[in-house]
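The values are calculated or read from the model by the stated rules, or taken from the named source; none is laboratory data. Note that the coordinates shown come from a computational prediction; the quantities given were computed from them, not determined experimentally. For neighbour counting, all protein chains shown are included, and Cβ atoms are generated from backbone atoms with ideal geometry for every residue, glycine included.
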C-alpha cells in the first residue's frame with residue numbers, strides 16, 4: 001500500500017471551467033478517505049485525476065514516492081471500482097475475478113490463488129461458477145470489489161460504487177467495504193454524494209463544493225465543528241437548522257429574528273461584543289432542539305410529525321423560519337398547535353450571515 005499526496009492539484013477545461021481548484025491533502029498509507037459533495041462539485045474529477053483518467057492542469061500528484069502526473073493509468077498500480085459493475089456477462093464470477101490477472105500474464109496457479117483469496121475475503125466462494133445474470137446487485141458489486149482486490153494494488157479508488165443499489169443493499173455493502181478495509185489494510189479513496197456513506201465509512205472526509213475543498217477532518221470533527229454553513233448543512237440528517245437574525249442580550253443571549261420573536265441561546269458571557277447587533281446565522285442540530293419543560297424557551301408551530309419508531313422528527317416553524325427537532329417518542333400536540341422548544345446549553349454554532357464562515361465553536 002502507499003500514501004497518496006496532492007499538492008495544489010487543479011483541473012481547468014479548455015472552455016475555462018475550473019473542475020477542481022487547488023486541492024491539497026494526503027491520504028495516509030492504509031487510510032480510507034472519502035471525497036463527498038453534491039453533483040458537480042469535482043469529487044469524481046479528482047478521483048479520475050488520481051487514476052490517470054483525467055489530465056492534471058497544474059499541481060503535483062504522488063503515489064508513494066513517485067510523482068505520477070504523466071504516468072499512464074496502467075502503470076500507477078491502482079485499481080478502480082466504478083458505479084457500474086462492468087462485469088463480463090459471458091464469464092463466471094471466477095473468470096471475471098481473474099481476467100485482469102490473465103491479461104497481465106500471471107500464471108494459472110497465481111490467478112487461482114488470488115481468486116480464492118478474494119473469494120474468501122468477500123464471501124464469494126459459493127458463487128464462483130455463476131454468471132453475473134444470476135447474481136443480485138450486492139453480489140455483483142462484491143465481484144467488482146474482488147476484481148480490484150486480486151490486483152494487490154497500492155491504492156483502491158471507488159467511484160460511487162453503491163449508488164445503483166437499494167437502501168437495504170447499500171447498508172449491507174457499507175459493512176462489507178468497512179470489513180474489507182480492516183482485513184486488507186488498503187489505502188482507499190472513496191467518492192460519494194451520500195453523506196451517510198461518508199460519515200459511516202470515512203476515517204477522514206474531504207468535503208467539496210464547486211471544485212473547492214471546504215474542510216478536511218474526521219466525521220465527528222466535521223459534524224461538531226463545521227468550518228462553514230455549507231459543511232454544516234451538508235453533513236447530518238436531517239440537516240442542521242439555520243436561523244437568521246441578530247444576537248442580543250435579553251435575560252441571557254438570544255437571537256432576535258426581527259419579527260418580534262426571539263430564540264434564547266443561554267449564557268453568552270464569552271461571546272465577543274462585536275457579534276452583538278449584527279446579522280448572524282445560528283446553526284442548531286435537530287437533536288439540540290429540546291422540549292422546553294420550563295425555563296427559557298420559545299414557541300413554535302407544529303407543521304408535521306414524522307414518527308419513526310425509535311425517534312420522532314417534528315417539523316415546526318417560528319415566524320417564517322422552519323426548524324426540525326429530533327426527539328425520543330412522546331405524546332405531542334397535533335399539527336397546527338404550539339410546541340415550546342429550547343436550545344440545549346452551548347449546542348449552537350455561529351456563522352457570518354454574509355460569507356457563511358464559522359464564527360464560534362460549539363459551547
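Exactly one residue among 336, 346 is loosely packed, with under 15 Cβ neighbours inside 10 Å, touching a residue at least 24 places away in the same chain (Cβ under 8 Å), farther than 18 Å from residue 241 by Cβ and touching a strand residue (DSSP E or B) at 6+ places or on another chain (Cβ under 8 Å), and that residue is 336.
Against the criterion of being touching a helix residue (DSSP H, G or I) at 6+ places or on another chain (Cβ under 9 Å), at pLDDT 90 or above and in a strand (DSSP E or B), residue 245 does not qualify.
Let's see how each residue does on (1) closer than 24 Å to residue 105 by Cβ; (2) crowded, with 16+ Cβ neighbours inside 10 Å; (3) in contact (Cβ under 8 Å) with a residue 12 or more places away in the chain:
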{"position": "139", "(1), (2), (3)": "no, yes, yes"}
{"position": "142", "(1), (2), (3)": "no, yes, yes"}
{"position": "147", "(1), (2), (3)": "yes, yes, yes"}
{"position": "161", "(1), (2), (3)": "no, yes, yes"}
{"position": "167", "(1), (2), (3)": "no, no, no"}
{"position": "170", "(1), (2), (3)": "no, yes, yes"}
{"position": "185", "(1), (2), (3)": "no, no, yes"}
{"position": "188", "(1), (2), (3)": "no, yes, yes"}
{"position": "193", "(1), (2), (3)": "no, yes, yes"}
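Each residue in region 103-139 was checked for being closer than 20 Å to residue 164 by Cβ, touching a helix residue (DSSP H, G or I) at 6+ places or on another chain (Cβ under 9 Å) and either outside the structural domain of residue 89 (by TED's automatic domain parsing) or at pLDDT 90 or above (or both), and 6 of them qualify.
For region 292-310, a residue qualifies if it is farther than 18 Å from residue 243 by Cβ and either surrounded by 15 or more Cβ atoms within 10 Å (Cβ to Cβ) or touching a strand residue (DSSP E or B) at 6+ places or on another chain (Cβ under 6 Å) (or both), and the qualifying residues are 304, 305, 306.
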